[in-house]
1. Between THR431 and PHE223, what's the calculated FRET efficiency when r is the beta-carbon distance and R0 is 51 Å? Round to 0.05.
2. Report, by chain and number, residues whose modeled amide H sits under 5 Å from the one on GLU152, excluding near sequence neighbours (fewer than 5 apart, same chain).
3. Around LEU212, under 13 Å between beta carbons, what's the net of Lys plus Arg minus Asp minus Glu among the other residues?
4. How many Å² of accessible area per residue for the stretch 261-337, probe 1.4 Å?
5. What do you get for the angle between helix 472-488 and the principal long axis of the chain? Use alpha-carbon atoms, 0 to 90 degrees, nearest ten.
6. Report in % the part of the accessible area of the stretch 1-138 that belongs to carbon and sulfur, leaving out ligands and nucleic acids; probe 1.4 Å.
7. Highest mean first, what order results for 319-329, 445-455 on Cβ atoms within 10 Å?
8. Spin-label point model (7 Å from Cα, Cβ direction): what's the ILE323 to THR112 distance in nm?
Amino acid sequence: MFKIFDDYYQRGVFLGLIVAIWFCAFARLAHDLWAASLFFFWVSLLSFIFCVGRCRDKTPLKLPMLLPALLLILSSFLSAFASYDVSSTLSATWTQLFMFLSFYLFTNVVQTARDRESFFALSGVVILPLAAICLYEQWTGRPDPYGYGYWEIHATLINSIVMAGFCLPWIFFYGTKMLKRPRYILLFIGGVIVLGIARSWWAYFSLLAGLLYYFKNRLSEVFACYKMTAMITAVICSAGLIMIILLRIQVHRYPYIGSGRLFYWMSALNLWRHHAWTGVGLGAYATAYPYFKTGPIQSTLFAHSFPLQILAETGSLGFCVAIYFVIRYVSLLSKNIKSPQSSDDQQLYKAILICLVCFSLVNINMEYLLNRLIFLFILGSTLINHPIPAYRIKPLWIMTGGICLVLVMPLWLSFFEASRLYAAGIQYEKTGDLSRARKLYLDAISLDRFNGDSYRAISRIDWKTYQQTHDRRALVNTLYYFRQAMRYKKEVAPLPQLSHP
């Protein structure tokens, strides 16, 4: 039995990561905390299996960019001390931890170009059911969930922009593979359908940027032979892009305006200016945004630019660590690859990475777990065949790490259980059962003492009690829980007269 485990544990982790991608695509991890908790459990299980396997075969561990990854997690945790939503920041920090765990599992079990192609070929098949769902929503004319009068086709993802960011790698992957292997044509068509229905013009530009990088050698040859034609084409394309940007800025369709992103970016810089070192807390941009809102624009959950999102949420500390992560990655990438014949294949994954980075500069993309997971896997793919530092760690320490992942489960699970109790309390409060609702909110606080929403809900219930009974104890409780709510989640709604807490 142990021999079977030794022979197949890496393949099990390999398939487990593919299952994780499929699960994330259909389980709505963007806004379903219980789905996120299942993802955390799954990654913990895969990590434990991997640790047991490495204890037995004593193979060195590949840990690229380990120090900057640990510093990123640390900077995320430090941002909780000045966070506008402490509970969300701690949850986002746990998410970041499991994202990097998935990344290191990937770099250790996907070790060859053949493994890499198999991994993405199997993972990307998820694009077919997504395309079918998108076609169904388009055919039935399903309206957007906000009631603004136009369609928002997003299949099982949070919105069409996130869906566009998710399908970009698969269009690139299957499109290039289709040229050599026609069996990929159906998957490529599925990706094109999803991208077309998503209607993201910046996704098309990002795809073009990736294609220009992928075919840069051939384009340079064409440019050398037809300089004048190439220059005229480049000027026309640049003018077309500028015209599209200007037209998009002029768009004004309630509640969206084309220049909205400019205001979001200025607001992000405003957040950073007031909280320069640790930011407003990872995952707390939405809570802090109303205090620093710039311009007559609707509220937002994100800065619509991943670099500015990091700067606003984790401050200069987190932003500098992110730059350090990029520097370490580039230094590894600059080392000579072991197999020169695989350089063309490497070019493909670098082009996909450029495409995703370009898309994330002006869109919400890597703010969501699934798209960030794909980005890290693509990042790890570009390092295959490059000399990655490997560490021989004593089996005792490896097994200790695996056991610790199991033991810390109650720490992150408490956040998700508290959110479930809070949601149940909301339902009882709506039906008028205030005593039951209050008990559920208190139970949520007992699991997550940073749960500002539960403090605020108790304050709301006690205020209603005071209005009915004029009991001074209810008034004292109202003020106490409201103060605690503002301490852990500085939500602007109850105090609209404030411009800054």
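The values are calculated or read from the model by the stated rules, or taken from the named source; none is laboratory data. Worth saying up front: this structure is predicted, and the values here are computed from it rather than measured. Cβ placement follows ideal geometry from the backbone for every residue including glycine, while neighbour counts extend to all protein chains displayed. Keep in mind that these areas ignore ligands, DNA and RNA; they rest on the heavy atoms of the full protein, side chains included. Shrake-Rupley method; radii C 1.70, N 1.55, O 1.52, S 1.80 Å.
1. 0.15
2. ASP144
3. Taking every other residue near LEU212 into account, the sum is +3.
4. 45
5. Between the helix axis and the principal axis of the chain, the angle is about 20 degrees.
6. 73
7. 445-455, 319-329
8. In this crude label model, ILE323 to THR112 measures out at 4.1 nm.
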